[in-house]
Amino acid sequence: MTRVLVVTVEPPWPAQHGGRIRTARVAEALSRDAEVLVTFPDHGDRQPDAPVATRPLPWSPPPAVRTRASHRPHLGGHYLAPVTDSLAALSDEFRPDAVYWSHSYLAAWAPPPVRQAPQIVEFANIESRRIATMVGSAHGWQRVARRAEAAKAAFWEPRVAARAALCVALSSPDLDVLRGWGSDVVLVPNGVDLRPYDPSPPDGYVLALASYDYEPNVRALRTFLRDTWPLVRAALPVAQLVVAGRRSEALRQEFADVPGVVVLGTLDDVADAYAGAALTVAPATTGGGAQLKLTESMSRGRYVVMSSFAAQGLPAAVRGADSHQVADDPHSFAGAVVDALRDPSARHARELAGWQRCTTLGWPETVRDLAAAISVLATRKATP
């Protein structure tokens, strides 16, 4: 049986947010036909009875000067530099037929012994572009640091792609970039956990679910509350906004006096938050391009109002469906939210359209081409 070593930034299980969910579901899908071992720096909550074998690596944060001064990505060094020796030893013990990196910035720090097996690198984002979108919002030394990281990414990122036996893109725009770098690429968009359709409640709230320990999401929420939410409340004074997701509790005091806003905080299970929602919003204009929460919302039967930036990462299966509305200026965004709240019948028709499109995005189907490509790579490796 093909052996695949998956290297990621944190324990995938419990799969409580976008990054963990994707890594967990990819590993689970690959484990149907391969022996999969998932390894990661040992930090954060981890599930003792994970559905796929795991091996945490002892880790403590390295000095920032070490990773900032390197020509390689600071983020990858933060997670991987302290565990390179133990990762190399694990690779020697497991003897993988392929190594799957959940993020390109990790692969940039791959120790030489681990690179002996075919490298499969998932480009969760095109890092040079992601970081560049965040430069304008930074100030002082932080702006200098981000400019430096964006410049470094323009150097290391194409080289990581060229060195990989296979690259994984999450969206069509990223696929084009990777092909432009001359890489062999497979498109593996964000999948969904298939569920029965459950219509939104007629009097539900607006849900802003995200990881709020990620600056682009915090900035997007602040801008939404400043520019768009007052327009929604002016048109519909009973409208309620629920903010939920990782570290959102840190924003509770900041938004305590904003009319109609409730901050739930970090959730172990997002099902209840979705159950009470009439629709969800995704207002981000910077950061990463493929947001799993978009397809997750649709797969749970929820209409989504999103920015054009967020819409770039939509899988082809849901593009063109009447399941979401793209809006960028505050008046258009607020109008789309108000229209959806006022007309439950029309909203239900749209959310059903999105849910139906998502039935083709189950994780086993989404990962099928990747699994086949890994099998081919393993066969080539085994052939003298």
>> Residue by residue through region 318-323, what is 3J(HN,Hα) from phi via Karplus (6.51 cos²θ - 1.76 cosθ + 1.60, θ = phi - 60°)? Round to whole Hz and write x for glycine and proline.
In response: 10, 5, x, 6, 7, 10
>> For Val185, what residues show an amide H to amide H distance below 5 Å, using hydrogens built from the backbone and excluding near sequence neighbours?
In response: Cys167
> Roughly how many debye, to the nearest 20, is the charge dipole of region 106-147 about its Cα centre, given +1 on each Lys and Arg Cβ, -1 on each Asp and Glu Cβ, and no other charges?
Replying inline: 220 debye
> With point charges of +1 on the Cβ of Lys and Arg and -1 on the Cβ of Asp and Glu, referenced to the Cα centre of the chain, which listed residue (Pro14, His71, Ala378) lies farthest in the positive direction of the dipole?
Replying inline: His71
> So what's the angle, to the nearest 10 degrees on a 0 to 90 scale, between helix 18-30 and the longest Cα principal axis of the chain?
Replying inline: 50 degrees
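Explain nothing, just the number: relative contact order of region 205-358, from Cα pairs under 8 Å at least 6 residues apart, as a whole percent.
Working: 273 pairs, mean separation 37.1, N = 154.
Relative contact order for region 205-358 comes out at 24 percent.
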> In sequence order, what are the phi-derived ³J(HN,Hα) couplings for region 263-276 according to the Karplus relation 6.51 cos²θ - 1.76 cosθ + 1.60 with θ = phi - 60°, rounded to whole Hz, with x for glycine and proline?
Replying inline: 9, 7, x, 5, 10, 6, 9, 7, 4, 5, 5, 5, 4, x
> What FRET efficiency would be calculated for the residue pair Ser375, Ala234, taking the C-beta separation as r and a Förster radius of 51 Å, to the nearest 0.05?
Replying inline: 0.35
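Ranking Ser172, Ser91, Ser248 by Cβ neighbours within 10 Å, fewest first, what do you get? Please report the intermediate quantities before stating the final value.
Details: Ser172 15, Ser91 22, Ser248 25.
Ordered by Cβ neighbours within 10 Å, fewest first: Ser172, Ser91, Ser248.
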> What are the semi-axes of the equivalent ellipsoid of region 205-358, taken as the square roots of 5 times the eigenvalues of the Cα gyration tensor, listed largest first and rounded to whole Å?
Replying inline: 21, 18, 15
>> Which one, Leu236, Ala165, Phe224, is farthest towards the positive end of the dipole of region 136-266 when Lys and Arg carry +1 and Asp and Glu -1 on their Cβ?
In response: Ala165
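Calculate the dipole size of region 1-138 relative to its Cα centre from +1 charges on Lys and Arg beta carbons and -1 charges on Asp and Glu beta carbons; express the result in debye to the nearest 20.
Values: 14 positive and 13 negative charges, 98 e Å.
That gives region 1-138 a dipole magnitude of about 460 debye.
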> If you take the charge dipole of the chain about its Cα centre, with +1 on Lys and Arg Cβ and -1 on Asp and Glu Cβ, which of His103, Gly204, His139 is farthest toward its positive end?
Replying inline: His139
> Hey, fewest Cβ within 10 Å first, where do Trp109, Trp59, Trp13, Trp101 land in order?
Replying inline: Trp59, Trp13, Trp109, Trp101
>> Defining a contact as two alpha carbons under 8 Å apart and six or more residues distant in sequence, what relative contact order in percent does the chain show?
In response: 15 percent
> If you take the alpha carbon radius of gyration of the chain and divide it by 2.2 N^0.38 Å, what ratio comes out, to two decimals?
Replying inline: 1.00
>> With a 10 Å cut-off between alpha carbons and a GNM built on the chain, which of Gln291, Gln142, Gln16 moves the most?
In response: Gln142
> Whose amide H sits under 5 Å from the amide H of Gly204, counting only residues 5 or more places off or on another chain, with H placed in the peptide plane?
Replying inline: Ala278
> Taking the chain as a Gaussian network, where each spring joins two C-alpha atoms under 10 Å apart, which residue of His43, His103, His324 fluctuates the most?
Replying inline: His43
> For Gln356 and Ala316 in one chain, what is 0.36 nm times their gap in residues minus the Cα-Cα distance, to one decimal in nm?
Replying inline: 13.1 nm
> Can you list the residues, at least 5 places off or on another chain, whose amide H is less than 5 Å from the amide H of Val192, using H built in the peptide plane?
Replying inline: Gly362, Trp363
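Rounded to the nearest 20 debye, what is the charge dipole size of the chain about its Cα centre when +1 sits on each Lys and Arg Cβ and -1 on each Asp and Glu Cβ? Walk me through the intermediate numbers first.
Values: 40 positive and 39 negative charges, 200 e Å.
With Lys and Arg at +1 and Asp and Glu at -1, about 960 debye.
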> Got a sec to turn the phi values of region 160-168 into Karplus ³J(HN,Hα) couplings, 6.51 cos²θ - 1.76 cosθ + 1.60 with θ = phi - 60°, whole Hz, x for Gly and Pro?
Replying inline: 4, 5, 5, 6, 6, 6, 7, 10, 10
> So what is the relative contact order for region 15-98, in percent, with contacts set as C-alpha pairs under 8 Å and at least six apart?
Replying inline: 21 percent
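Between Glu249 and Asp227, 0.36 nm times their residue separation minus their Cα-Cα distance comes to what? If you can, show how the numbers build up before the last one.
Numbers: separation 22, 0.36 × 22 = 7.92 nm, distance 2.18 nm.
Gain on extension, Glu249 to Asp227, equals 5.7 nm.
Read the figures in this text as sums done on the coordinates, not as results from a lab. The shown structure was predicted, so the numbers you read here are calculated from the model rather than taken from an experiment. All Cβ positions, glycine included, derive from the backbone under ideal geometry; neighbour counts span all protein chains shown.
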